[in-house]
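A.B. asks: Below are the structure tokens for one structure; questions will follow.
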Amino acid sequence: MANRKKQNWKPGTMIYPLPAVLVSCGNRPEQYNLFTVSWVGTICTNPPMCYISVRPERHSYSILKENKEFVINLTTENMARATDWCGIRSGKDYNKFAESELTPVPSEKIAAPYIEESPLCIECKVKEIVNLGSHDMFISEVVNVIADEQFINPENGAFDLEKARLLVYSHGHYYGIGKEIGKFGWSVQKKKKKK
């Protein structure tokens with residue numbers, strides 16, 4: 001293997017790509033808001049837990065802190081413009097649901113709404129808020145997941161990520177998800193013998 005030249009950079013957040021999600025919050029229609037988040041991820045399987053990291057100066061921060069509930073709405077290529085717009089504009093100046101033409105729907109287990117157009121919506125209850133510096137991390141338990149039936153494989157009940165055409169964010173740019181390269185465990189599976 002040839003020697004590859006490497007550079008040392010100052011510490012930074014270079015873990016990409018990330019999901020480009022819309023977080024919905026608010027416990028009543030006049031408080032409903034949307035904002036775009038890429039600092040989002042899974043923390044634990046059992047109990048199911050995830051996090052979002054939010055700057056305290058964001059309009060939604062006080063809504064999250066007050067209500068301690070939110071929905072992580074996965075986005076699609078068709079939602080790319082709305083996803084970007086909701087990350088640029090502030091909910092103190094705009095009704096983001098109306099302006100982005102997205103539909104708020106009452107959630108099943110929490111007061112915050114989910115987005116009708118989202119293929120997968122994850123209802124969360126905040127367990128802890130951790131101040132980390134530029135962002136505070138909202139560590140949350142997943143209390144319900146709402147999946148759009150058009151993306152569920154009727155044969156095995158699995159959610160078809162490729163069919164949903166999910167959106168990801170990579171260092172200032174949005175992308176669709178590319179072709180499948182393999183599946184979990186494929187590198188160690190025994191090859192089928194040819195007949």
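The values are calculated or read from the model by the stated rules, or taken from the named source; none is laboratory data. All values reported here derive from a predicted model rather than from experimental measurement. Cβ atoms come from the backbone with ideal geometry, glycine included; neighbour counts cover every protein chain shown.
A.B. asks: All but one of (1) within 15 Å of the chain's Cα centre (by Cα); (2) modelled with pLDDT under 95 hold for Ile72; which doesn't?
C.D. replies: Every condition holds for Ile72 apart from (2).
A.B. asks: Mind checking whether some residue in segment 87-109 is closer than 21 Å to Val145 by Cβ, in contact with a Gly (Cβ under 9 Å, 6 or more places away or on another chain) and either acidic (Asp, Glu) or at pLDDT 95 or above (or both)?
C.D. replies: yes
A.B. asks: Would you confirm whether any residue within segment 74-97 is in contact with a Cys (Cβ under 8 Å, 6 or more places away or on another chain) and without any contact (Cβ under 8 Å) to a residue 60 or more places away in the chain?
C.D. replies: No, because not a single residue in segment 74-97 is in contact with a Cys (Cβ under 8 Å, 6 or more places away or on another chain) and without any contact (Cβ under 8 Å) to a residue 60 or more places away in the chain.
A.B. asks: Shifting gears a bit: State all residues of segment 118-144 that are among the aliphatic types (A, V, I, L, M) and loosely packed, with under 15 Cβ neighbours inside 10 Å; if no residue qualifies, say none.
C.D. replies: Val130, Leu132, listed by residue number.
A.B. asks: Take segment 75-86 and flag every residue that is surrounded by fewer than 24 Cβ atoms within 10 Å (Cβ to Cβ) and outside any helix (DSSP H, G or I).
C.D. replies: Thr76 - this is the single residue of segment 75-86 that is surrounded by fewer than 24 Cβ atoms within 10 Å (Cβ to Cβ) and outside any helix (DSSP H, G or I).
A.B. asks: Looking only at segment 1-20, how many residues end up being out of contact with any Phe, Trp or Tyr (no Cβ under 9 Å at 6 or more places or on another chain) and either within 28 Å of Ser62 (Cβ to Cβ) or free of Cβ contacts under 8 Å to residues at least 60 places away in the same chain (or both)?
C.D. replies: 13
A.B. asks: Are any residues in segment 154-168 part of a helix (DSSP H, G or I), touching a helix residue (DSSP H, G or I) at 6+ places or on another chain (Cβ under 9 Å) and either over 11 Å from Pro119 (Cα atoms) or in contact (Cβ under 8 Å) with a residue 40 or more places away in the chain (or both), and if so, which ones?
C.D. replies: Listed by number, the list holds a single entry, Ala164.
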